[in-house]
Amino acid sequence: MNDPEVTMRPVSRLGAHGPMEHRFGEYGGQYVPETLMPALAELESAWVAARDDTGFQAELHTLLCDYAGRPTSLYLAERLSEHLGYPVYLKREDLLHTGAHKINNALGQALLAKRIGKSRIIAETGAGQHGVATATACARLNLRCEVFMGEEDMRRQAPNVARMRLLGAEVIPVTAGSRTLKEAVSAAIRNWVETVEDTHYIIGSAVGPAPFPAMVRDLQRVIGDEARNQICDVTGRLPKRVIACVGAGSNAIGTFKAFEPDENVELIGVEAGGHGVDSGAHGATLTAGSSGILHGSRSSVLQNEDGQILEAHSISAGLDYPGVGPEHSYLRDIGRVSYFSATDTEALDALQLLCKLEGIIPALESSHALAWLLANPGGDMDLLTLSGRGDKDLAEVLRLTGDDDSPGEVG
Amino acid sequence: MPPVETSTGIERIAAAFTGHGRRAALMPYLMGGFPTIDDSVRIAQAYIDGGADLIEFGLPFSDPLADGPVIHGAAVEALANGTVIEKLLDNVGPIAQQVPTLLMTYFNLIEIRGVERFLGRAADLGVSGLIVPDIPLEESAVLLGPCDDHGIALIPLVAPTTPDERMARICAQARGFIYTVSVTGTTGERTATADGLAELVGRVRKHTELPVAVGFGISDSGQASRVADVADGAIVGTRLVREAGEAQQGGGDPAPAVEAVVREFSAALA
């Protein structure tokens, strides 16, 4: 192990990070109403102080380890590897408390909110995973919690709605537009404009106005930092490719960040191809979108030629979003990360295959990354972030695969 | 007022704030394309006939973060009715010739056309000012210089949450007037004028000689009158958009309905 490339690095200490980027190349920024600007400035200075504070770091570390279940395992998926003919490792974020990587961010931001004296938390949610994670963090830290969720997503993710309510959160249905994640984010931002004095908005991904994209990335980069050490430790080398699904992109940016300096590691993000990118019904923002401004930052967005934001489509509520984190747009432009898409059908097939080969039910979101890998086997060694588990998707999966024999449901 | 050809938008706005002959200027807002493009043009004319000193002409955007449900809903309906921005802009010229007209929209609609091209077109139409609620001070450089070059006033917004030090920096680069958001919130009708309005307007005045106009939440003539006690202009949006929508839904003509309301507001400012 003399290759400097495989030197293990310490798992990120929050304070070790550089400045909070407001821009990633031409992307990012703060395109929000004036009412929010002082709160964003306050948030940024509070975050910069907190991440350098050893007490805050220790408290978050304890919560992430003892409460949420970090570090998550890096698992050599043996039968999947056999199926593909080369080793594939899964970073098991699906094993975390609440079932997805979202808890990393929710705990960090909830702890920060407490530190700056905000007593009320709002969040948006698509698949419900971020809503559940936020409701959980708020219960644990004794904060009031309201979650905005599109009506269509409430239908698709009914078990998560029940979980949030059980955890003491109020779930507020959003009835505007497509009644999915885009409208839920807008509703949360508007509510924050009204309530900013006593409320913190825990945004669920590395999107929104600065400092959110950099802050959420810093809270999620524990995924890649751990995974890089684990794979070096187990195999003595780095993977050829690192693959993650990209909706708004927080599990992907959290995974990629640790490997970004490793020039020989290919980084691959997989978006929602929906019914196919040519169909117009998809969530493939980076592969089929153009530069625009949505929810407070400039990034790649799905929009028409008039500048109106389009509605996304995906089988997976968590990828059903016409925007993406600004750092992904930058990483695409400089060629450091390659982005592809997988369709609804491909993701559904991949989900079923992993169930049968590994006894793991992956989230529909993560199944997109798997689907791309299955269609594009590399032959060397791959690491794929399994961002969440699929229990929440069972009703939708059974409905679509026609295996649902419950009364009143037609597949 | 000097003829349009020889005065800039900034000059026309200044004249509108001094020449109204009342306690405060009246600036009603409309959503372009709502209920239809033709209706919205007639609504603008009704505003002028009812006594508007300036007009805030909204260009509908799919995801308006500063707007409450009524104006958001009007934008959604305008877009659903097939409103496209270029076609809407074709109708702004005749209005802008009569009273100083300010375009209100979100930055994505400007950027996708190119700042220079958008402002050139606006200047050709005789537009006097631009209000972009998702362009705070930190993002304003991309618009301020080009707006100055075209004689279009880039109107800044200040909010109750804006600290004094920041307010000073915002006012230092303000053009036209200061759009003072009277409530911590999005656009929408409020039952009472926000407490501390006089104090807020007083804070703004410490940093500027420009007129101070108050908007967000003015829903009746009584509130408008109280705004006129302390500010130089009253901006009325949601109330009028709601009236237009209700008139149309009831099978009536929105233009006379809103004209009657504008007359009430106008009288309250006398």
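One residue is enough: does region B:128-136 have a residue meeting the conditions of a type in the set (G, A, S), assigned to a loop (DSSP other than H, G, I, E, B), surrounded by 17 or more Cβ atoms within 10 Å (Cβ to Cβ) and modelled with pLDDT of 95 or more? Even if it seems obvious, please write down each step before you answer.
The first filter runs over region B:128-136 and keeps only residues of a type in the set (G, A, S), leaving B:128-129.
If we keep only those that are assigned to a loop (DSSP other than H, G, I, E, B) as well, we get B:128.
Narrowing further to those that are surrounded by 17 or more Cβ atoms within 10 Å (Cβ to Cβ): B:128.
With modelled with pLDDT of 95 or more added as a condition, the list becomes B:128.
The answer is yes; a qualifying residue exists.
Being on the phi > 0 side of the Ramachandran plot, in the same structural domain as A:H61 (by TED's automatic domain parsing) and surrounded by 18 or more Cβ atoms within 10 Å (Cβ to Cβ) is true for just one of A:G150, A:G128. Which residue is that?
On the way: A:G150 fails: on the phi > 0 side of the Ramachandran plot.
On inspection, the qualifying residue turns out to be A:G128.
Would you pick out the residues in region B:151-173 that are farther than 13 Å from B:K206 by Cβ and either in contact (Cβ under 8 Å) with a residue 40 or more places away in the chain or among the aliphatic types (A, V, I, L, M) (or both)?
B:G151, B:I152, B:A153, B:L154, B:I155, B:L157, B:A159, B:P160
Taking region A:165-190, which residues are among the aliphatic types (A, V, I, L, M) and not in a loop (DSSP other than H, G, I, E, B)?
First, the residues of region A:165-190 that are among the aliphatic types (A, V, I, L, M): A:166-167, A:169, A:171-172, A:174, A:176, A:181, A:184-185, A:187-189.
Within region A:165-190, A:L166, A:V171, A:I172, A:V174, A:L181, A:A184, A:V185, A:A187, A:A188, A:I189 meet the criteria.
Quick check on region A:309-320. Is at least one of its residues free of Cβ contacts under 8 Å to residues at least 40 places away in the same chain, farther than 28 Å from A:L90 by Cβ and within 14 Å of another protein chain (Cβ to nearest Cβ)?
yes
Tell me, which residue of region B:162-196 that is of a type in the set (S, T, Y) and buried (at least 19 other Cβ atoms within 10 Å of the Cβ) is farthest from the other protein chains (Cβ to nearest Cβ)? If you could, list the steps in order and put the result at the bottom.
Residues of region B:162-196 of a type in the set (S, T, Y): B:162, B:179-180, B:182, B:184, B:186-187, B:191, B:193.
Pick out the ones that are also buried (at least 19 other Cβ atoms within 10 Å of the Cβ) and you get B:162, B:179-180, B:182, B:186-187, B:193.
Numbers: B:T162: 6, B:Y179: 9, B:T180: 10, B:S182: 11, B:T186: 5, B:T187: 10, B:T193: 17 Å.
It comes out as B:T193.
Yes/no per residue for (1) away from every other protein chain (no Cβ under 14 Å); (2) surrounded by fewer than 18 Cβ atoms within 10 Å (Cβ to Cβ):
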| position | (1), (2) |
| --- | --- |
| A:V265 | yes, no |
| A:G269 | yes, no |
| A:A272 | yes, no |
| A:D278 | yes, yes |
| A:T287 | yes, no |
| A:I293 | no, no |
| A:G296 | no, no |
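I'd like the full set of residues that are more than 21 Å from B:G129 (Cβ to Cβ) and within 9 Å of another protein chain (Cβ to nearest Cβ), limited to region B:84-100. Break it down into steps so the answer makes sense when it comes.
Here is the first cut: in region B:84-100, the residues more than 21 Å from B:G129 (Cβ to Cβ) are B:84, B:87.
B:V84 - this is the single residue of region B:84-100 that is more than 21 Å from B:G129 (Cβ to Cβ) and within 9 Å of another protein chain (Cβ to nearest Cβ).
So which residues in region B:125-141 are over 24 Å from B:P163 (Cα atoms) and either touching a residue at least 60 places away in the same chain (Cβ under 8 Å) or within 11 Å of chain A (Cβ to nearest Cβ) (or both)? Talk me through it step by step, then tell me what you get.
From region B:125-141, those over 24 Å from B:P163 (Cα atoms) are B:125-129; that's our starting set.
Residues satisfying the conditions are B:G126, B:V127, B:S128, B:G129.
Would you say B:V158 is under 17 Å from the mean Cα position of the chain (by Cα) and among the aliphatic types (A, V, I, L, M)?
Yes: the conditions hold for B:V158.
In region A:180-208, how many residues are more than 24 Å from A:N251 (Cβ to Cβ) and more than 10 Å from chain B (Cβ to nearest Cβ)?
Final tally of qualifying residues: 2.
Quick one: count up the residues across region A:123-155 that are touching a His at 6+ places or on another chain (Cβ under 8 Å) and part of a helix (DSSP H, G or I). Let's see the steps before the verdict.
Initial filter on region A:123-155 (touching a His at 6+ places or on another chain (Cβ under 8 Å)): A:123-124, A:136.
After this cut, where a residue has to be part of a helix (DSSP H, G or I) as well, the list is A:136.
Final tally of qualifying residues: 1.
Take residues that are of a type in the set (V, I, T) and tell me which of the strands (runs of 3 or more DSSP E) falling wholly in region B:154-237 contain 3 or more. Break it down stepwise before answering.
On the way: elements: B:178-181, B:212-215, B:233-236.
Ranges flagged: B:178-181.
Of all residues in region B:20-78, count the ones that are acidic (D, E) and within 14 Å of chain A (Cβ to nearest Cβ). Write out each step before concluding.
Start the filter on region B:20-78 by keeping residues that are acidic (D, E), which leaves B:38-39, B:49, B:53, B:56, B:63, B:67, B:77.
In the following step, the residues that additionally are within 14 Å of chain A (Cβ to nearest Cβ) were identified as B:63, B:67, B:77.
Of the residues in that region, 3 qualify.
Go over the candidates A:I293, A:I243, A:I315, A:I253 one by one and state the one that is hydrophobic (A, V, I, L, M, F, W, C) and at pLDDT below 95. Write out each step before concluding.
On the way: A:I293 fails: at pLDDT below 95; A:I243 fails: at pLDDT below 95; A:I253 fails: at pLDDT below 95.
None of the others qualify; the one that does is A:I315.
Quick one: A:L219 ticks every box in (1) outside any helix (DSSP H, G or I); (2) touching a residue at least 40 places away in the same chain (Cβ under 8 Å) except a single one, so which number is it?
Among (1) outside any helix (DSSP H, G or I); (2) touching a residue at least 40 places away in the same chain (Cβ under 8 Å), the lone unmet condition for A:L219 is (1).
Look through region A:17-63, keep the residues that are surrounded by 15 or more Cβ atoms within 10 Å (Cβ to Cβ), assigned to a helix (DSSP H, G or I) and among the small types (G, A, S), and return whichever of them is farthest from the other protein chains (Cβ to nearest Cβ).
The qualifying residue farthest from the other protein chains (Cβ to nearest Cβ) is A:A50.
Of the residues B:G120, B:G151, B:G145, which single one is away from chain A (no Cβ under 14 Å) and part of a loop (DSSP other than H, G, I, E, B)? I'd like the intermediate steps shown before the answer.
Working: B:G120 fails: part of a loop (DSSP other than H, G, I, E, B); B:G145 fails: part of a loop (DSSP other than H, G, I, E, B).
Among B:G120, B:G151, B:G145, only B:G151 is away from chain A (no Cβ under 14 Å) and part of a loop (DSSP other than H, G, I, E, B).
Looking only at region A:70-95, how many residues end up being touching a Leu at 6+ places or on another chain (Cβ under 7 Å), in a loop (DSSP other than H, G, I, E, B) and farther than 17 Å from A:G254 by Cα? I'd like the intermediate steps shown before the answer.
First, pick out the residues of region A:70-95 that are touching a Leu at 6+ places or on another chain (Cβ under 7 Å): A:70, A:72-73, A:75, A:77, A:79-80, A:83, A:87-94.
Imposing the further condition that a residue be in a loop (DSSP other than H, G, I, E, B) reduces the set to A:70, A:72-73, A:77, A:87.
From what's left, farther than 17 Å from A:G254 by Cα: A:77, A:87.
Residues that pass the stated criteria total 2.
Among the numbered conditions (1) of a type outside the set (V, I, T); (2) more than 14 Å from chain A (Cβ to nearest Cβ); (3) under 29 Å from B:G73 (Cβ atoms), tell me where B:P211 comes up short.
(3)
Would you mind finding the one in A:E151, A:E93, A:E146 that is among the charged types (D, E, K, R) and modelled with pLDDT under 95? Lay out the reasoning, then the answer.
Values: A:E93 fails: modelled with pLDDT under 95; A:E146 fails: modelled with pLDDT under 95.
Only one candidate qualifies: A:E151.
What residue, of A:L286, A:L302, is in contact with a helix residue (DSSP H, G or I) (Cβ under 9 Å, 6 or more places away or on another chain) and over 23 Å from B:A75 (Cα atoms)? Steps first, please.
Working: A:L302 fails: over 23 Å from B:A75 (Cα atoms).
The match here is A:L286.
Looking only at region A:191-213, count every residue that is surrounded by fewer than 24 Cβ atoms within 10 Å (Cβ to Cβ) and assigned to a helix (DSSP H, G or I) and tell me the total.
Adding up the residues that qualify gives 4.
List the helices (runs of 4 or more DSSP H) inside region B:30-104, counting only whole elements, that have at least 3 residues being buried (at least 24 other Cβ atoms within 10 Å of the Cβ). Outline the logic, then answer.
Details: elements: B:37-50, B:69-80, B:85-89, B:93-98.
Qualifying helices (runs of 4 or more DSSP H): B:37-50, B:69-80.
Let me spell it out: the conditions are (1) of a type in the set (S, T, N, Q); (2) over 21 Å from B:E56 (Cα atoms); (3) modelled with pLDDT under 95, and B:T208 meets all of them except one. Which number is the exception?
For B:T208, the failing item is (3).
Go through (1) surrounded by fewer than 24 Cβ atoms within 10 Å (Cβ to Cβ); (2) at pLDDT below 95; (3) among the small types (G, A, S) for A:A162 and report which single condition fails.
(2)
The values are calculated or read from the model by the stated rules, or taken from the named source; none is laboratory data. Since the structure is predicted, the reported quantities are computational estimates derived from the model, not experimental observations. Don't worry about glycine lacking a Cβ; one is built from the backbone with ideal geometry, like all the others, and counts go over all protein chains shown.
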